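Some notes on the structure that comes next.
The values are calculated or read from the model by the stated rules, or taken from the named source; none is laboratory data. Everything numeric here is computed off the predicted structure, so don't read it as measured data. In this analysis, Cβ positions are derived from the backbone assuming ideal geometry, glycine residues included, and neighbour counts consider all displayed protein chains.
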Amino acid sequence: MKKLLTFVLLISVALFTINCGGKQPKAKMSDIPEWYLNPPQAEDAIYQAGDAVKTSMALAKDAADARARDAIARTIELRVTNMMKDFMQQSGLGEDSEALEFTSNVSKQVANTVLKGCRIVKREMKVEGNSYHAYSLAEYNLNSLVEETLNEARRQKALYNEAKANMNFEELEREIEKLKSVGQ
Amino acid sequence: MKFRILTVVLVIGLQNLMYSQEYIPSWFEELPEVTGVRLAVGYSGKFTNEFSAKSTAVQLARKNMAKQISIRLKFDVEELADGRLRLLNPSFKEFYEGAVLNAIESNSTVVDSAITTDGYFVLLAFPAVEYFSLPDAGDKTWSVRPDWIENLPEEDGYVYGIGMVARYSNWVRAWQDADEYARFDLGKNLQIEAESIHAVQRDNRTTIESVILKQSYDLTIEGATIVARWLDTANGVYYSLCRAPKP
């Protein structure tokens, strides 16, 4: 009986020690995937990484994926904004408030519009204490971006034309096509 | 004496937890491809009798088949972060046709089944077939860790998704959830709407980033099939791979 009590006591102490083992361990640098620190660079695609720490593996994966895709969406917005601003300035409309709004609308809509074919191409899961640390790498093909931008610019064109009837959208489409040629 | 018995019981229990589902039918790990016939897997845990186990496994296989034919998936995830805490709220909803399920019930056959120490497995074919031969069918142990866990497969005309779950005490529930997560993951790789607002506050000492992130999709996918599964027996992690033809 004495042995049994000692055994139960030892097990309890062991479990207590494991469960309250101090602070949550942080990720070691050697554990962090290389592609997370330095996402790949490509001419025809955008890569962005995301990570998340959760006690549930499925949640950690979902959160890391969502953050990687969000980073892609933000990169897209920036790229489209720059592209549109360049075009507007070349057209002599750069300082026009309506032109700026048009640029902003197209960029935001493209970024907020459905990300087609934005895939998680690499993923790693590390155990850190009681939690899972998920790392995800998202890839987005630039050809999809070109299509989205063209479609959105055409959609916004109708609204913008009410204010600027003489704007030449063929030039804008040519500018966007330049990006397409980079992606091929 | 009691001490010894207790120790033996504890050791056996821990072994069962660590190495549960050691043997599986080959088609459970990798679904064979047969032209003209759709295949889906069903499984159930331990039952008091074989009939109940088989019946439960067949029902699950029929549901999996219905989802494979056509499934509407609604997913959204919201994340709110204010610099101190992050709240993540994912939502998963799926719909499949009752009429499709009825058609499967009336025109499908179990082409193979297996009983292991853990449960009952069935392989369902739709439409029903009279003769069916499976190459290399039989019970096996899990293969080595497949590459698709870290690197999503790339194949022209197909899109893939991965589901992964861990720390489940019930393996049937674990596989069901891994399969569902794989389907939803596939949807995300097809198309997803993404919106977010980021605000950064900086002072001399700290940087606080507040984020509101929202992503969602509502898609009907045809042919989403769980083509492979893998169990990390050492760590109790369940992986499912789902594949569908690109629309």
For this session: Restricting attention to strands (runs of 3 or more DSSP E) lying wholly within segment B:68-160, give those where 2 or more residues are of a type in the set (A, V, I, L, M, F, W, C).
Result: B:70-81, B:86-95, B:109-115, B:120-126
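Please verify whether B:Val211 is farther than 27 Å from A:Thr75 by Cα and in contact (Cβ under 8 Å) with a residue 60 or more places away in the chain, treating the condition exactly as stated. If you could, list the steps in order and put the result at the bottom.
Values: farther than 27 Å from A:Thr75 by Cα: no; in contact (Cβ under 8 Å) with a residue 60 or more places away in the chain: yes.
So B:Val211 does not fit the description; no.
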For this session: Name, by its number, the condition in (1) within 12 Å of chain A (Cβ to nearest Cβ); (2) out of contact with any helix residue (DSSP H, G or I) (no Cβ under 7 Å at 6 or more places or on another chain); (3) of a type in the set (D, E, K, R) that does not hold for B:Lys188.
Result: (2)
Exercise. Going through segment B:206-237 one residue at a time, which ones are charged (D, E, K, R) and either on the phi > 0 side of the Ramachandran plot or surrounded by fewer than 19 Cβ atoms within 10 Å (Cβ to Cβ) (or both)?
Worked result: B:Glu209, B:Lys214, B:Asp218, B:Glu222, B:Asp232
For this session: Search segment B:140-162 for residues that are of a type in the set (S, T, N, Q) and pair each with any residue that is not in a loop (DSSP other than H, G, I, E, B) when their beta-carbon atoms are under 9 Å apart and the residues are at least 6 apart or on different chains.
Result: B:Thr141/B:Tyr23; B:Thr141/B:Ile24; B:Ser143/B:Glu29; B:Ser143/B:Glu30; B:Ser143/B:Trp230; B:Asn151/A:Val121; B:Asn151/A:Lys122; B:Asn151/A:Arg123
Problem set entry | Extreme residue, surrounded by the fewest Cβ atoms within 10 Å (Cβ to Cβ), among residues of segment A:48-65 that are more than 9 Å from every other protein chain (Cβ to nearest Cβ) and within 10 Å of A:Met125 (Cβ to Cβ) | A:Ala60
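Just to verify a result, which residue in segment B:81-101, among those that are more than 17 Å from A:Arg69 (Cβ to Cβ) and within 14 Å of chain A (Cβ to nearest Cβ), is modelled with the highest pLDDT?
Filtering segment B:81-101 down to residues more than 17 Å from A:Arg69 (Cβ to Cβ) leaves B:82-85, B:87, B:93-101.
Next, only the ones that are within 14 Å of chain A (Cβ to nearest Cβ) stay: B:85, B:87.
Details: B:Leu85: 84, B:Leu87: 91.
That would be B:Leu87.
For every residue, the table says whether it meets (1) more than 10 Å from chain A (Cβ to nearest Cβ); (2) touching a strand residue (DSSP E or B) at 6+ places or on another chain (Cβ under 6 Å); (3) under 28 Å from B:Gly45 (Cβ atoms).
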position: B:Ile149; (1), (2), (3): no, yes, yes
position: B:Val165; (1), (2), (3): no, yes, yes
position: B:Glu209; (1), (2), (3): yes, yes, no
position: B:Leu213; (1), (2), (3): no, yes, no
position: B:Ala224; (1), (2), (3): yes, yes, yes
position: B:Trp230; (1), (2), (3): yes, yes, yes
position: B:Ser240; (1), (2), (3): yes, yes, yes
For this session: State all residues of segment B:216-227 that are part of a strand (DSSP E or B) and either without any contact (Cβ under 8 Å) to a residue 24 or more places away in the chain or under 24 Å from B:Val100 (Cβ atoms) (or both); if no residue qualifies, say none.
Result: B:Tyr217, B:Asp218, B:Leu219, B:Thr220, B:Ile221, B:Glu222, B:Thr225, B:Ile226, B:Val227
Exercise. How many of the residues in segment B:169-185 are more than 10 Å from chain A (Cβ to nearest Cβ) and either buried (at least 18 other Cβ atoms within 10 Å of the Cβ) or in a helix (DSSP H, G or I) (or both)?
Worked result: 9
